[in-house]
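Take a look at the structure set out below.
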Amino acid sequence: MNEIYHAIREMIGAYVGNDSIPDLVPESPLITIPSIKLEPAVSMFDALPDPIRKTTPVNMEAVGQSTGFILYRHTATAAISGVVKTGDQPRDRVLVYVNGKRVGVIDSTYEVPNTVSVTLKKHDVLDLLIENMGRVNFGSKIVDQRKGIVGNVTVDGIVLSNWELYPLPLTTPPAAATATPQVTTTSGPIFYTGSFDVDTVGDTFLELPGWTKGAVWVNGVNLGRYWVIGPQQTLYLPGVYLRETGNSITVLALEPTGDEGEVRGITTRNWGNNPDPDM
């Protein structure tokens with residue numbers, strides 16, 4: 001409970017009387033969690049659901065999905081090269097892959113989104129992994145908050161047809177694979193897993209030094225997204241989600257490098273901004 005909470009409580013008490021406000025719940029001390037070592041467990045592209053086949057792409061909502069990610073996959077029928085255009089505009093962040101290797105990022109939050117070019121041979125696979133980063137609830141754009149791809153995908157102005165769509169709401173992370181995925185600087189998204197114990201159950205803030213962007217689950221609970229650019233540099237982990245032994249943690253690394261650090265719990269909420277490695 002911070003100063004803002006107490007100021008609001010005092011203001012409300014001035015109108016309704018302090019006697020009518022419930023007593024404060026005793027605060028438990030925050031805990032630290034020593035560094036947790038995580039290992040790559042499964043590649044997102046090795047844990048895909050059954051595809052939805054479409055001649056042309058449709059947006060996320062058209063396949064009954066409202067949150068998370070959606071993967072669009074096209075197998076080239078002829079050689080083609082040029083700039084990739086993902087419909088009318090990026091909605092919202094597009095990771096571009098050729099044959100499973102990341103070749104670029106197109107992000108609608110950039111003032112000028114990156115231009116990504118690809119060179120495809122016949123039978124090469126083009127993947128467009130799109131992250132829904134949220135919807136606005138004000139202004140003129142409120143009427144057009146569809147996510148994914150709206151319109152055609154083109155390369156060098158040529159429309160690409162025949163797509164496989166994989167909805168990935170990620171309400172829960174996938175199970176670990178039997179074979180450990182190999183991680184490189186151009187890998188597809190990787191889920192890392194680990195486990196940890198705590199001496200005392202309590203609230204903490206998870207810090208992820210060395211990680212770029214993704215999401216975190218602890219004991220199956222989605223704590224939210226992290227992004228090195230900030231301003232949020234920690235994720236709040238309520239103690240009610242913890243137990244003394246056998247806690248599980250899964251971290252999705254959307255842009256793995258192979259140098260992902262460990263994860264630890266600290267007693268302060270950290271804020272800060274860092275350069276975007278994709279710009």
Apart from one, (1) surrounded by 21 or more Cβ atoms within 10 Å (Cβ to Cβ); (2) not in a loop (DSSP other than H, G, I, E, B) all hold for residue 188; the odd one out is (2)
Which residue is nearest to residue 237 (Cα to Cα), if the candidates are limited to segment 23-34 and must be surrounded by fewer than 10 Cβ atoms within 10 Å (Cβ to Cβ) and modelled with pLDDT under 90? 27
Name the one entry in 65, 89 that is part of a loop (DSSP other than H, G, I, E, B), touching a strand residue (DSSP E or B) at 6+ places or on another chain (Cβ under 9 Å), within 25 Å of residue 189 (Cβ to Cβ) and not aliphatic (A, V, I, L, M). 65
Members of segment 135-174 found to be surrounded by fewer than 16 Cβ atoms within 10 Å (Cβ to Cβ), within 18 Å of the chain's Cα centre (by Cα) and at pLDDT 95 or above, listed by number: 169
Out of segment 13-29, which residues are hydrophobic (A, V, I, L, M, F, W, C) and out of contact with any helix residue (DSSP H, G or I) (no Cβ under 9 Å at 6 or more places or on another chain)? 14, 16, 25
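Please pick out the residue among 230, 261, 265 that is over 15 Å from the mean Cα position of the chain (by Cα), part of a loop (DSSP other than H, G, I, E, B), over 22 Å from residue 45 (Cβ atoms) and touching a residue at least 40 places away in the same chain (Cβ under 8 Å).
Values: 230 fails: over 15 Å from the mean Cα position of the chain (by Cα); 265 fails: part of a loop (DSSP other than H, G, I, E, B).
Criteria check complete, one pass: 261.
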Considering every residue within segment 94-108, establish whether at least one is surrounded by fewer than 16 Cβ atoms within 10 Å (Cβ to Cβ), touching a helix residue (DSSP H, G or I) at 6+ places or on another chain (Cβ under 8 Å) and not assigned by TED's automatic domain parsing to the domain that holds residue 257. yes
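Select from segment 113-134 the residues that are surrounded by 15 or more Cβ atoms within 10 Å (Cβ to Cβ) and hydrophobic (A, V, I, L, M, F, W, C) and write down the one among them that is nearest to residue 80 (Cα to Cα).
Per the stated criteria, the residue is 120.
The values are calculated or read from the model by the stated rules, or taken from the named source; none is laboratory data. Bear in mind the structure is a predicted one, so any value in this text is a computation, not a measurement. Positions of Cβ are generated from backbone atoms using ideal geometry, with glycine treated the same way; all protein chains shown enter the neighbour counts.
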